[in-house]
Structure formats: structure tokens, C-alpha cells
Amino acid sequence: MTLAELLTLLAANPDLANQLFDARVAEIQTHLTSKGFVIKPQADFDKAIADAKKEGDGEATKRNHTDWSKALSDVLGVQKPDGIKELDFFPEEIKKRITMPTDQNQTDKDLNDSRIKALEDKNKELLDSIANKEKALFERTKKATIDAHINSLNIAVPAHLKTNEEIEAYRQAQRNLVRASLLGMKAEETSDGSLAFYGEDGKALADAAGKPLGVDAITKQFYGPLLAPNSHQQGGTGSNPTGGSGGKYGVPFAEFQKALAEQGIAQGSEEFNKEFAEYEKVNPTLA
């Protein structure tokens with residue numbers, strides 16, 4: 001009988017296979033062992049597998065503990081002493097840091113102080129910028145107010161001056177004098193938007209009622225002798241009532257503006273700018 005026929009017969013007769021193998025177990029084990037096979041019962045295999053699995057889990061757990069211990073040591077900046085379990089050492093170290101008073105946490109305090117300092121510096125920079133812009137605007141307002149006033153001054157012309165050139169040079173010199181004096185005075189803007197000037201003694205220049213003196217009143221108080229009465233006809237060869245030549249451009253600036261307004265010429269219009277350019281030729285804006 002061939003092997004194939006035997007296997008077919010055994011497959012068709014399970015009881016015959018059991019009888020054959022049960023009776024020949026010892027012989028089969030001896031035969032397989034001689035061929036290098038190791039014969040063990042299933043219980044031995046199950047135990048070996050369980051032991052291997054348990055040993056593997058222990059190694060994995062050990063590696064996890066080692067990695068965890070190293071990570072905590074790096075974060076906390078402290079090494080676990082030998083002979084102490086990780087679970088006994090690191091929780092206590094963490095608890096110490098959690099319960100540490102916040103005022104001793106110098107790192108957080110320095111960070112907050114740095115942020116506050118940055119905000120304070122930024123705020124100061126913004127306030128300084130606003131103050132500088134306000135100061136520049138005030139200085140322009142002060143200068144424009146004084147220049148308009150200077151151009152309107154009716155300077156008294158000495159009788160010995162005859163030519164237009166002499167008269168105009170004299171008037172311009174006196175205006176420069178008054179302008180330099182007013183610009184050199186300390187001034188502040190009042191609540192109603194006007195200017196308050198201060199004398200050399202540091203006191204505000206004001207009238208009897210305590211109202212700040214305007215540039216007109218200050219000029220009359222300190223430079224009255226330089227001024228001619230408004231209705232006074234001064235010398236000179238031109239028809240300008242304030243002396244010198246210039247026709248309609250030889251009048252105080254306020255009168256020049258009023259005359260243009262009466263003609264319907266709006267300030268800032270192209271026609272006004274042309275007229276003002278001519279006015280500046282006779283009454284140059286002081287630099």
C-alpha cells in the first residue's frame with residue numbers, strides 16, 4: 001500500500017486513525033525525536049507563550065519608566081536618586097513646584113515686568129509724538145497770529161524820511177523789531193483758543209479784569225511810540241494813508257482782507273491768491 005492510499009484510508013476512517021496513532025505514540029515520538037523534532041504537550045506551549053509575553057511586557061514597562069524618568073528629570077532639572085522609585089520621587093518634586101508661592105517664580109515675574117515695560121515705553125512714545133505735534137501746531141498758530149498782526153501795524157514815519165524807499169525800509173525795520181519781541185515771548189493757548197503771553201517776570205500779560213492781552217494790546221503797551229494814530233495821514237510820495245507807496249496793497253492786512261471780501265473775493269480762491277501775491281510784494285511776509 002502506498003502512502004497516498006494509507007492517508008486516504010485514514011481520512012475516511014477517523015476511528016482507525018485514532019487507534020493507530022494512540023497505539024503508536026511512543027514509537028512516533030521516538031521517530032520524530034530522532035529526526036530532531038521536540039515534542040511537548042500543549043500545556044507546555046501555553047505556559048511558554050505566557051512566560052514570554054510576561055517577560056516582554058516587563059521589558060516594555062521598564063523602557064517606559066526609563067524614558068519617563070529621563071523626560072521628567074530634564075523638565076524639572078533634578079535627577080532621581082538611586083534606590084527610589086520614579087512614582088515615589090517625581091510626584092513629590094512636581095508638588096513642590098505647584099505649591100511654590102507665585103512671587104518666588106522669578107521667570108514669570110520677569111516676563112510680566114518685561115511686557116509691562118514694553119507697554120509703558122510704547123505709551124510714552126505715543127504721548128511724546130502727540131505732544132510734539134501739538135507743540136508744532138501751536139508754534140505755527142502763534143507765528144501766523146503775530147505775522148498777521150505785524151503786517152497790519154501802522155508804523156509812525158519820521159518827518160525827515162522823504163522817499164518811498166526810506167519810508168518802507170524804516171517801517172520794515174520797526175516791524176521786525178516788534179515781531180522778534182513777540183515771537184520771543186512765552187505764550188500758551190487759553191481755553192477759548194486765544195493766546196496768552198508772559199512777560200520776563202513769568203507773569204501773564206493781562207488787563208485789569210485778568211483777561212490775557214492780545215498782540216494788539218501788547219504792541220501798544222510796549223511799542224506805542226512806534227505807532228501812528230489810525231487816522232493819521234503820514235508823509236511819503238504815494239497815496240497810502242500809512243505812508244509809503246503801494247495803493248490798495250499798502251494798507252494793513254485786515255483792511256486788505258475786508259476790501260477783498262466786500263468785492264466778493266473769497267479767501268483761498270484763485271483770485272484771492274493772486275491779490276495776496278501782489279500784497280506780499282508791497283508787504284513781504286517776514287521770514
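The values are calculated or read from the model by the stated rules, or taken from the named source; none is laboratory data. All of these numbers come straight from a predicted model, not from anything done at the bench. Positions of Cβ are generated from backbone atoms using ideal geometry, with glycine treated the same way; all protein chains shown enter the neighbour counts. Note: accessible area is taken over every heavy atom of the protein model, side chains too, but ligands, DNA and RNA are not part of it. Shrake-Rupley method; radii C 1.70, N 1.55, O 1.52, S 1.80 Å.
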Response to the item:
Between S152 and residues 5 or more places away or on another chain, the pairs with built amide H atoms under 5 Å apart involve F253
Item to complete: Go through 130-137, 85-92 and give me the packing order, highest mean Cβ count within 10 Å leading.
Response: 85-92, 130-137
Worksheet item: Of the peptides 165-172, 148-155, 219-226, how do they stack up when ordered by the mean number of other Cβ atoms within 10 Å, highest first?
Response: 148-155, 165-172, 219-226
Worksheet item: Residue-wise, which Karplus ³J(HN,Hα) couplings in Hz belong to the stretch 216-228, taking 6.51 cos²θ - 1.76 cosθ + 1.60, θ = phi - 60°, and x for glycine or proline?
Response: 4, 5, 5, 4, 5, 5, 9, 10, x, x, 7, 9, 9
Worksheet item: From the phi of every residue in the stretch 11-23, what ³J(HN,Hα) in whole Hz does the Karplus formula 6.51 cos²θ - 1.76 cosθ + 1.60 yield, where θ is phi - 60° and glycine or proline is x?
Response: 5, 7, 10, x, 5, 4, 5, 5, 5, 5, 6, 4, 6
Discussion item. Going through the cross-link list K220/K274; K133/K220; K162/K248, which pairs have a Cα-Cα distance over 23 Å in this structure?
Written reply: K220/K274; K133/K220
Discussion item. For a quick check of understanding: with a 1.4 angstrom probe and all protein chains in place, what accessible area in square angstrom does K109 have, to the nearest ten?
Written reply: 90 Å²
Practice prompt. List every residue whose amide H lies under 5 Å from the amide H of L227, counting only residues 5 or more places away in sequence or on a different chain, with H placed 1.01 Å from N in the peptide plane.
Written response: A156
Practice prompt. Report, by chain and number, residues whose modeled amide H sits under 5 Å from the one on A206, excluding near sequence neighbours (fewer than 5 apart, same chain).
Written response: L213
Worksheet item: Using θ = phi - 60° and the Karplus form 6.51 cos²θ - 1.76 cosθ + 1.60, what ³J(HN,Hα) does each residue of the stretch 140-154 get, whole Hz, x for Gly and Pro?
Response: 5, 5, 4, 5, 5, 4, 5, 4, 4, 5, 4, 5, 9, 5, 9
